[in-house]
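Quick note: the coordinates plus some simple rules give every number you see, no bench work behind them. These numbers come from a predicted model, not from an experiment. Don't worry about glycine lacking a Cβ; one is built from the backbone with ideal geometry, like all the others, and counts go over all protein chains shown.
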Amino acid sequence: MVKGITDRDRPLYRRTDLARLIEPQAVAIIGVSANPGGFGSRTLANLAAFAGRVYAINPKYQNLHGVRCYAELAALPEVPDCVVIALPRESVEAAVEECAARGVGGIVIYASGYAETGLAERKAQQERLVALRPNAQNDGQVLESRAGIVLVQRLLGGPEVIERPPVHC
């Protein structure tokens, strides 16, 4: 059990549940900024060789780092398989709710200030994010940070293979 997550019953994710997250055809990055060192901008740069479609989302700009920016997730020409959220903690929950409503396949969140602070309201906020579940028309999943490490590493240009024990589904 991940620290800070309640012990409510949750099924394990199967490969088919995670396919859109770990093998995306379209990735959107919410929070690409003019700062080339920011998480959103670094993720965008590291996806330059990605064979799929990449969308930058920032309502303040029309273009950033040579890529067209969209004002919001709903403005994209398609529902992305994976969304990377690189926003301040205060903006993350609304972005996750929008992703769930749009039916994205998976979400990677770059944020801090949750359960690790020890504050009850921050732990509760993290649990709300993890508890968001797909509805009948939405295959999207929200993963805890430990479950997203491989994707985060790949998006940030880290190791392509991380040794893990085999998972049998």
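The distance between label points at GLU90 and GLU72 comes to 2.0 nm (points 7 Å beyond Cα on the Cα→Cβ vector). Measuring r between the beta carbons of ALA34 and ARG128 and using R0 = 35 Å, the FRET efficiency lands at 0.70. Counting charges near PRO77 (Lys, Arg +1; Asp, Glu -1) among other residues having Cβ under 15 Å from its Cβ returns a value of 0.
What ranking of PHE50, PHE39 emerges when the number of other C-beta atoms within 10 Å of each C-beta is taken as an exposure proxy, fewest first?
Details: PHE50 15, PHE39 23.
With the sparsest Cβ surroundings first, the list reads PHE50, PHE39.
In this simple spin-label approximation, ARG14 and GLU116 carry label points 7 Å from Cα along the Cα→Cβ vector, and these lie 3.4 nm apart.
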